[in-house]
Each structure stands twice: as C-alpha cells, then as structure tokens.
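Contents: one structure, followed by commentary.
The values are calculated or read from the model by the stated rules, or taken from the named source; none is laboratory data. Only a predicted model underlies this, so the values are computations on that prediction, with no experimental measurement involved. Neighbour counts are summed over all protein chains in view; Cβ atoms, including those assigned to glycine, are modelled from backbone coordinates with ideal geometry.
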Amino acid sequence: MIKKILILESLLVFVAILLLTCDKIEKPYSTQTVEITYCDTPTFPPLNANDVIQKYLLEDFTGHKCPNCPRGQRTAAQMKVAMGDTLIVVSIHTGSLSRPDASGGDCAFTTDFRTDMGTAIDNAFGASDAGLPKGMINRLTFGTKPLVDDLNWEASMRSIERKAPSIGLQIIPDIHNDTVCIFVKTSLLSTIDSGARICVALVEDSIVAPQKGNVANGDLATMCDYVHNHVLRCGATSYEGVALGISQAGDTTINAFAIALNTTQWNTAHCHLIAYIIDKTTQQILQIEEKKLIE
C-alpha cells in the first residue's frame, strides 16, 4: 500500500509530498519560489548499501573582506584533495566582512555572496561573532562547541571516529524553463532520530571576484581576480530543513524541491546541489550528498 504523507511548511510557503514505499510524488510540488507542474518524478537507480560511504560537510564561514579567510580556503582545498568525494565543502559568506562595498573602482567588493540560509546558520551557531574564518565539520562538537578555527580543521577531521553510514542519499536534478526541480531519495540503512530533517542547497564554483588577503610580507592586499569556490548561493529549504518523515531501517522516501534560476547570474555549469540530513536533537549532520547541476 502506498502511504502518502503531506508536509506543510507554511513559513516557507511550500509543500513537499513524501511517499515511503513508492518512487513517485504527485504534482504540483510547491516551494517558496515556484510551483512545479512539469517535472516528473525520476526513476532512481537501485542503491547498493555496500557502496554507500559516510560523507562529511565542512562549513567554511568566510567573507570577501576577511584577510585571513583565504588561508582557511586553502586548508579546505587541501582537505578536499586528501579526502576526495568524502568531503563536501560549502563556503558561507556572512557577517560584516561579507557586506558589499562599492568603493575601490574596478576592484570593489560589489558581489553580494550573502544568503538567507547562510545568515540563518551563522545566527544559530555564532560563527561571525567568534571571528572569521571558522568552520564546522558535520556540526560535531570538538571540545565544547562545533565551531573550529581554520588552523585546527585538519586535526579535528582526523579525530572523528569513523562509523558505518546510516543513510544513503541520491540526488537527481531536472531543469525546466529556468527552474531546477530537485529530487532527493533518502534510504535508511539503520534507525535514526524520528525528528530528522532534510536540507537542500545550491553552491557555485569558479566565481572570479575580489578578496582581501594577507600577502607574503604580511601586508594586506586586495586580490582582484580571486577565484571563490564552494560558495553557498541559495537554499531550497530553510536552514532548519524539512521533516524527513521516516526513521526506521529499510525506510525510503523521496522529497521534491525547486530553485528558480531565471533571476540569477549563476553559471549553472559550475553549480552543484547538496542535500543533507540533520539530527533534530543534536543538530549534527548524519549524511550529505552532492550532485553537479549539469553533468
């Protein structure tokens, strides 16, 4: 029997329909930006539990006027090289050092990288108040808090006890009429918190825009052609996410989301979608997956 669960998120003005035993969602799918009537639920390939690996999210809190932040971004890049697909990096521009500034002529900080989702995450964890760059790894606690100085990211990552994954995530995007429909299938390999929530966002790589930084002699300089990677661009959900609706080993469900692309200047060839599951009690990230918007 097909069991349908209707989840109403009035704050975000969208509805997601979840089905526990069937790879089909009934249209329309409504989000805070667009109602979807034209995307059909895709057929997901079978998920082999033996192929699922635990992945980790590094949230890099940064700002284009933060002189020490390029150092954190270099560390994140080194960790990504070492860990490959098991590490997903998201750069969250937030706080006063991320505000646009029109002064500076051709090298002005005019790009606004701030997002509602990024600001909400910052407000929840206080990263910009603690001084940038800061980071969180799966929002795990190191010492007494999840925020970690960039100089300690690698050591913190090595200290994490590796466990078998409890969740498998699959993402399939479908672009129609300048809107991307995002389908995420969640398969539970073991029992999880019944209040778990799913978050979906879009990030962009290879953005050329000014960045303040420390140069070799210790002086401050503005790098006009700095390449920003893993930049959080938009949340398809709030930072708190949407109730997942399943919790028992063997359960599966599909969530549908959408992001409108027609009002943005994002280079879709450099965009990725990320989906992650949050434990409602601990706020820790249980699993994360990433998918290129355009393969």
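For the stretch 143-168, a residue qualifies if it is surrounded by 19 or more Cβ atoms within 10 Å (Cβ to Cβ) and under 28 Å from R74 (Cα atoms), and the qualifying residues are P146, L147, V148, D150, W153, M157.
Residues of the stretch 94-107 that are hydrophobic (A, V, I, L, M, F, W, C) and at pLDDT 95 or above: L97 alone. Put simply, of I121, I88, I137 the only residue that is buried (at least 16 other Cβ atoms within 10 Å of the Cβ), of a type outside the set (D, E, K, R) and farther than 20 Å from I207 by Cβ is I137. Scoring S206 on the criteria (1) under 16 Å from the mean Cα position of the chain (by Cα); (2) surrounded by fewer than 18 Cβ atoms within 10 Å (Cβ to Cβ) leaves a single failure, condition (1). Screening N255, N262 for residues that are loosely packed, with under 15 Cβ neighbours inside 10 Å and either modelled with pLDDT under 95 or not in a loop (DSSP other than H, G, I, E, B) (or both) leaves exactly one candidate, N262.
Which residue, of A164, A201, is touching a residue at least 24 places away in the same chain (Cβ under 8 Å), under 26 Å from K134 (Cβ atoms) and not charged (D, E, K, R)? Show your work before the answer.
Working: A164 fails: under 26 Å from K134 (Cβ atoms).
A201 is the lone residue from the list that is touching a residue at least 24 places away in the same chain (Cβ under 8 Å), under 26 Å from K134 (Cβ atoms) and not charged (D, E, K, R).
Scanning the stretch 223-242 for residues that are in a strand (DSSP E or B) and surrounded by fewer than 17 Cβ atoms within 10 Å (Cβ to Cβ) yields a count of 2. Against the conditions (1) at pLDDT 95 or above; (2) more than 29 Å from P146 (Cβ to Cβ), V180 satisfies every one except (1). Residue count for the stretch 48-72, restricted to those that are loosely packed, with under 15 Cβ neighbours inside 10 Å and more than 21 Å from E154 (Cα to Cα): 4. For G245, the conditions (1) of a type outside the set (S, T, N, Q); (2) touching a residue at least 40 places away in the same chain (Cβ under 8 Å); (3) closer than 30 Å to T110 by Cβ all hold with the exception of (3).
Residues G245, G250: which one is at pLDDT 95 or above, assigned to a loop (DSSP other than H, G, I, E, B) and at positive phi?
Values: G245 fails: at pLDDT 95 or above.
Answer to the selection: G250.
Enumerate the pairs (first residue in the stretch 71-84 and of a type in the set (S, T, Y); second residue anywhere and surrounded by 13 or more Cβ atoms within 10 Å (Cβ to Cβ)) with beta-carbon separation below 6 Å, excluding pairs fewer than 6 apart on the same chain, so at least 6 apart or on different chains. Taking only residues 6 or more apart or on different chains, the pairs are T75/D150; T75/W153. Can you say whether N255 is among the polar types (S, T, N, Q) and over 21 Å from F61 (Cβ atoms), as far as the supplied structure shows? The answer is yes for N255. Look at (1) on the phi < 0 side of the Ramachandran plot; (2) at pLDDT 95 or above and you find that G213 fails only one, number (2).
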